[in-house]
Amino acid sequence: ASAYRYDGTNFTQILPPEGASPYDSWTPFAISDTGDTVVGRYGWWIYSYPTLWTEGMGTVDFQYFLVSQGLDELWFWYLTDLSAVSADGTIVAGHGQNPDWWIEGYVVDISKISVCHSPSGDATKERTLTVSMDSVGDHVGHGDFLGTCEFKNSGAHSRSASEFRPDRRTNATPADEDSRWHSPEDMLQMSPQYGSEQADQPARTAPRTGVRQVKQR
């Protein structure tokens, strides 16, 4: 379920994020005037996550990307999409659920990006660099890690993407995804939760699963 970009002459396939289920859909919502940044969401009607594509980075799960940039407080958020991008592709916006499950908008400046630079592949000399969006592709291309060195050395999990967003397991197989999201049994199991009030929310550190009704401001 790829997205694509077409400028009247050239066709560019925009692949799903790494590890994404082939049963889900890449839904682009906006493109920069320069054509090198596309934003949207990847997922199914019952869940989704914000997705960003740039010519330099390729396609990334945007919430995981932000955590890799050091925004560990997003452990308590559930971002669902990216719906807007500035003309030059450096400012993006979307919405998600905050730690109290209110729907909130967010805006992110991605003109500067952190990478873990390893000179000549020497891990003992690696350091976090802040680079421009225009040059991030060069750094990733010669082996730099897309994220801080702290995040990389944590095992590239930082409380684990599978924990802060349990509904999307990064290493799930197609069979796992199919049984998790498309079986009638699973839908029936989740359906009693739909529409329930969330006054008795569990502690923030508890795993969050299933479909939840949220109050919209």
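The values are calculated or read from the model by the stated rules, or taken from the named source; none is laboratory data. All values reported here derive from a predicted model rather than from experimental measurement. We place every Cβ from the backbone using ideal geometry, glycine too, and count neighbours over all the protein chains shown. The accessibility values were calculated without ligands, DNA or RNA, using every heavy atom of the protein model including side chains. Shrake-Rupley method; radii C 1.70, N 1.55, O 1.52, S 1.80 Å.
Three principal axis extents, largest first, for the C-alpha atoms of the range 8-92, in Å?
So the extents along the principal axes, rounded to whole Å, are 42, 29, 19.
Could you tell me which of Gly35, Ser48, Gln13 has its Cα farthest along the dipole of the range 1-63 towards the positive end, charges placed at Cβ (Lys, Arg +1; Asp, Glu -1), taken about the Cα centre?
Farthest towards the positive pole: Ser48.
In terms of solvent-accessible area of protein heavy atoms at a 1.4 angstrom probe, what is the ranking of Glu104, Glu18, highest value first?
These residues rank, largest area first, as Glu18, Glu104.
For the range 28-152, compute Rg over Rh where Rg is the Cα radius of gyration and Rh is the Kirkwood radius from the inverse mean 1/r over Cα pairs. Let's see the in-between values first.
Details: Rg = 14.9 Å, Rh = 15.0 Å.
So for the range 28-152, dividing Rg by the Kirkwood Rh gives 0.99.
Find the all-direction average of the projected area of the Cα convex hull for the range 52-110, expressing the result in square nanometres with one decimal place.
3.9 nm²
Of the heavy-atom accessible surface of the range 1-98 (probe 1.4 angstrom), what whole percent is carbon and sulfur?
After summing per-atom areas, the C and S share lands at 52 percent.
Between Trp45 and Glu73, 0.36 nm times their residue separation minus their Cα-Cα distance comes to what?
Length gained, Trp45 through Glu73: 7.5 nm.
Can you tally the net charge around Leu15? Count Lys and Arg as +1, Asp and Glu as -1, for every other residue whose Cβ sits under 14 Å from the Cβ of Leu15.
-3
What nm value, rounded to one decimal, do you get for the distance between Tyr6 and Ser83 when each label is placed 7 Å out toward the C-beta?
The two pseudo-label positions are separated by 2.7 nm.
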